[in-house]
Amino acid sequence: MALASTIHHGGDDGIVDDLDTVRGVARWLQQQSENLAGEGLASGGLVADEELRDAIIGVRRAVRALFARVVSPAPPSPADAHRLMPADEALAHLNAAAAREPVAPQLHWPAEGAPAARLLSAEADPHVRLVAALARDAVDFLSGPEREQLRACHAPRCVRYFLKSHGRQEWCKPSCGNRARVARHYERTRGTTAGP
C-alpha cells in the first residue's frame, strides 16, 4: 500500500508523484526505513539512482494495474485509469521482479519462543533485493485475504487505494468523505439555483 500511495493528490497542485525524481525516491526510502529493515535492507545502504527509480516505478505501475483489477467492476483510481498497464503484462512484470532475487527459506528458532520461517537472500545487489522485496510484498498482498478489502477512493481529487476497515467506509480518510459530501451538496444547491 505504501508503494501504491506514492501517487496522491497534492491539494491545488494536482496529482503528485513522490517518486518523480531520484531525490524523491531517496526520501521515500528513508521514510520506509522501518519496513525495509524488516526485509533485511538498511535504507542507509541503498543509494537511489535513475535505474532504481525506474525499477521501483515499474513495480508500482504493475501493482496499481492489478489494484484496478481487484476493485473492478468499480472504477480504478483516476490517477492512472487512462494509462493502466494491461493485467497480463502487470502480472508478468510483478512476477519477474519478484523472481530477480534468489531466496531460500530458513528456520529461525530462538531458545525461548516459537519457530519462524524467514527468507534468506543470496543476492548481493541491494537494488535487486529492494525491488524483489517490493514485488514479493505485492504478491503476498494480492494473493492474501486483505485483497478483498481493497477499494479506490473516489472523493474529489483523491487518487488513493485503501483497505476498507468497516462496512460503511467509502473513502480512504475522513477528509475525503468531507470533500465528497461538500461536492454533493454543491451540486444539489447549484442545480436548484440554476433553474431550468
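Entry remark, the range 167-177: residues being part of a loop (DSSP other than H, G, I, E, B) and open to solvent by less than 70 Å² (accessible area, probe 1.4 Å) number 4 in total. Listed by position, the strands (runs of 3 or more DSSP E) enclosed by the range 51-166 that each have at least 3 residues that are open to solvent by 40 Å² or more (accessible area, probe 1.4 Å) are 103-108, 116-121. Do you know which residues across the range 1-39 are over 17 Å from the mean Cα position of the chain (by Cα) and either within 18 Å of Ala68 (Cβ to Cβ) or part of a loop (DSSP other than H, G, I, E, B) (or both)? Result: Gly14, Thr21. Checked against the criterion of being at pLDDT 95 or above and among the acidic types (Asp, Glu), the candidates Glu101, Glu112, Glu123, Glu89 yield just one match: Glu89.
The values are calculated or read from the model by the stated rules, or taken from the named source; none is laboratory data. For clarity, every value in this text was computed on a predicted model and none was experimentally measured. Here Cβ is always computed from backbone atoms with ideal geometry, including for glycine, and neighbour counts include all displayed protein chains. Just the protein is used for accessible areas: all its heavy atoms, side chains included, with ligands, DNA and RNA removed. Shrake-Rupley method; radii C 1.70, N 1.55, O 1.52, S 1.80 Å.
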